[in-house]
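The values are calculated or read from the model by the stated rules, or taken from the named source; none is laboratory data. This structure is a prediction, so every number in the text was calculated from the model and none was measured. Cβ sites come from the backbone with ideal geometry, for glycine too, and all protein chains shown count toward neighbours. Remember, those area values only see protein heavy atoms, side chains included, never the ligands or the DNA or RNA. Shrake-Rupley method; radii C 1.70, N 1.55, O 1.52, S 1.80 Å.
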Amino acid sequence: KLNVNLPRQKVKQMFKEADTDDNQGTLGFDEFCTFYKMMSTRRDLYLLLLTYSNHKDHLDTDDLKRFLETEQKMANVSKEYCQEIVNQFEPCPENKNLAVLGIDGFTNYTRSPAGDIFNPEHYQVNQDMTLPLSNYYIASSHNTYLMGDQLMSQSRVDMYAWVLQAGCRCVEVDCWDGPEGEPIVHHGYTLTSKILFKDVIETINKYAFIKNEYPVILSIENHCSVLQQKKMAQYLTEILGDKLDLSSMFYEDSTTLPSPESLKGKILVKGKKLPANISEDAEEGDVSDEDSADEIEDDCKLMNGDASMNRKQVENIAKKK
């Protein structure tokens, strides 16, 4: 079978047009090549070729130059550049010798990275990165640790490695009190699995700057007791070390944030501070204004009780959705 997304009647018509010899109902090699070309030629590209070639079956370098400047919005296109396109993408030797681009070569070019709408100059940083951090849009991740839905999916440290290497510069860490004094990360009031805060920070430390030198922001949603918040602070300072040190970037008279350029290789912790006058032996001190529970409808929240009942509750809600 041919994997062709065309109406059956259209394919039959093309078959008949290609079947020109006396042996009707079958295609010889040359006929099959003609049939294949009929099916694979993109009508939109063929009409473009006709438009810019004045209804010829090919584009010469002047035609191609006009197409690139008009349709692709390219500036300062030279005939030499057009000749390079012909040499690289035209499969027909006769067309190459004539320095023209037929429909096959034109299709090859438009479907290649060279014909991509994306500006190749933007593969590299091409903007001024010395302005204050607040001047930029920041690629951010919500509930970074989750592999799927927000009610029952798995939490994995691998997700931090993946999004950081994909270009994300702001990740979310939802922190809760865990057993044996170890803070954990998960989506509160749900059946999502739990991972250790320490493992999350170690993963961030390992993968933060592999593909991107610009600063990483940890958006901490903190629901931990003061004792476990102290444990979080210990892990942050021990694991991230100098990546947290911004002492050389802020001055008493500073009125603007540092720039992404000056913050290269640094990790910023975004979260609400505990009150300055809190007692050292205080046991409570929830500091997050944002609460993952705010995102969940009241009937979806899980309270302390039978785990199997909680799971049935979530499954019923999921079905309704």
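When the range 91-102 is examined, which residues are found to be of a type in the set (A, V, I, L, M, F, W, C), open to solvent by 20 Å² or more (accessible area, probe 1.4 Å) and within 39 Å of the chain's Cα centre (by Cα)? Lay out the reasoning, then the answer.
Initial filter on the range 91-102 (of a type in the set (A, V, I, L, M, F, W, C)): 92, 98-101.
Filter once more, keeping what is open to solvent by 20 Å² or more (accessible area, probe 1.4 Å): 92, 98-99.
Correct list: C92 only.
Could you tell me whether A318 is in contact with a Leu (Cβ under 8 Å, 6 or more places away or on another chain), of a type in the set (G, A, S) and at pLDDT below 65?
When the stated conditions are applied, A318 passes them.
Taking the range 223-278, which residues are outside any loop (DSSP other than H, G, I, E, B) and among the hydroxyl-bearing types (S, T, Y)?
Taking the range 223-278 as the starting set, the residues that turn out to be outside any loop (DSSP other than H, G, I, E, B) are 226-244, 267-270.
Within the range 223-278, Y235, T237 qualify.
Can you name every residue in the range 44-55 that is open to solvent by less than 70 Å² (accessible area, probe 1.4 Å) and either free of Cβ contacts under 8 Å to residues at least 60 places away in the same chain or of a type in the set (F, W, Y) (or both)? Outline the logic, then answer.
Keep residues of the range 44-55 that are open to solvent by less than 70 Å² (accessible area, probe 1.4 Å), which gives 45, 48-50, 52-53.
Passing the criteria: L48, L49, L50, Y52, S53.
Hey, K230 hits all of (1) surrounded by fewer than 20 Cβ atoms within 10 Å (Cβ to Cβ); (2) within 27 Å of the chain's Cα centre (by Cα) but one; which does it fall short on?
(2)
Against the conditions (1) at pLDDT 95 or above; (2) within 19 Å of N143 (Cβ to Cβ); (3) among the hydrophobic types (A, V, I, L, M, F, W, C); (4) open to solvent by 10 Å² or more (accessible area, probe 1.4 Å), where does I239 fall short? Just the number, please.
Looking at each condition in turn, I239 falls short on (2).
Would you be able to tell me the number of residues in the range 156-165 that are more than 17 Å from L268 (Cβ to Cβ) and either of a type in the set (V, I, T) or free of Cβ contacts under 8 Å to residues at least 12 places away in the same chain (or both)?
2
Among the listed residues D245, D199, identify the single one that is at pLDDT below 95 and either more than 12 Å from V269 (Cβ to Cβ) or surrounded by fewer than 16 Cβ atoms within 10 Å (Cβ to Cβ) (or both).
D245
Which of the residues spanning the range 150-177 are in contact with a Lys or Arg (Cβ under 9 Å, 6 or more places away or on another chain) and farther than 18 Å from S193 by Cβ?
Hits for the range 150-177 are L164, Q165, A166, G167, C170.
Anything in the range 202-222 that is in a loop (DSSP other than H, G, I, E, B) and open to solvent by 20 Å² or more (accessible area, probe 1.4 Å)? List them, or say none. Spell out the reasoning first.
Kept after step one, since they are in a loop (DSSP other than H, G, I, E, B), are these residues of the range 202-222: 208-215.
If the condition is that a residue be in a loop (DSSP other than H, G, I, E, B) and open to solvent by 20 Å² or more (accessible area, probe 1.4 Å), then F209, I210, K211, N212, E213, Y214 are the ones that fit.
Return the pair list, or none, for Cβ contacts closer than 6 Å from residues in the range 72-89 that are free of Cβ contacts under 8 Å to residues at least 40 places away in the same chain and open to solvent by less than 100 Å² (accessible area, probe 1.4 Å) to residues that are among the aromatic types (F, W, Y) and part of a helix (DSSP H, G or I), at least 6 apart or on different chains.
I85/Y109; F89/Y109
In the range 110-125, which residues are closer than 23 Å to L47 by Cα, of a type in the set (A, V, I, L, M, F, W, C) and in a loop (DSSP other than H, G, I, E, B)?
We begin by selecting, within the range 110-125, every residue closer than 23 Å to L47 by Cα; these are 110-118.
Okay, now just the ones that are also of a type in the set (A, V, I, L, M, F, W, C), so 114, 117-118.
Scanning the range 110-125 gives I117, F118.
Residue-wise test of (1) closer than 22 Å to Q88 by Cβ; (2) touching a Phe, Trp or Tyr at 6+ places or on another chain (Cβ under 6 Å); (3) of a type in the set (S, T, Y); (4) modelled with pLDDT of 80 or more.
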{"position": "N5", "(1), (2), (3), (4)": "no, no, no, no"}
{"position": "R8", "(1), (2), (3), (4)": "no, no, no, no"}
{"position": "T20", "(1), (2), (3), (4)": "no, no, yes, yes"}
{"position": "N23", "(1), (2), (3), (4)": "no, no, no, no"}
{"position": "T34", "(1), (2), (3), (4)": "no, no, yes, no"}
{"position": "T41", "(1), (2), (3), (4)": "yes, no, yes, no"}
{"position": "F67", "(1), (2), (3), (4)": "yes, yes, no, yes"}
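Show the residue pairs meeting these rules: Cβ distance below 8 Å; 6+ apart or different chains; first residue within the range 123-151 and over 21 Å from Q165 (Cβ atoms); second residue not in a loop (DSSP other than H, G, I, E, B).
Hits for this filter: D149/A318; Q150/E295; L151/C300; L151/V314; L151/I317; L151/A318.
So A18 fits all but one of (1) among the small types (G, A, S); (2) under 15 Å from I103 (Cβ atoms); (3) touching a residue at least 12 places away in the same chain (Cβ under 8 Å); what number is the exception?
(2)
Take the range 212-223 and flag every residue that is touching a residue at least 60 places away in the same chain (Cβ under 8 Å) and not polar (S, T, N, Q).
Y214, P215, I217, I220, E221, H223
Please specify each residue of the range 169-192 satisfying the condition of being farther than 16 Å from V269 by Cβ and either open to solvent by less than 20 Å² (accessible area, probe 1.4 Å) or assigned to a loop (DSSP other than H, G, I, E, B) (or both). Please lay out each step first, then the result.
At the first step, the residues of the range 169-192 found to be farther than 16 Å from V269 by Cβ are 176-182, 184, 186-192.
Across the range 169-192, the qualifying residues are D177, G178, E182, I184, H186, H187, G188, Y189, T190, L191, T192.
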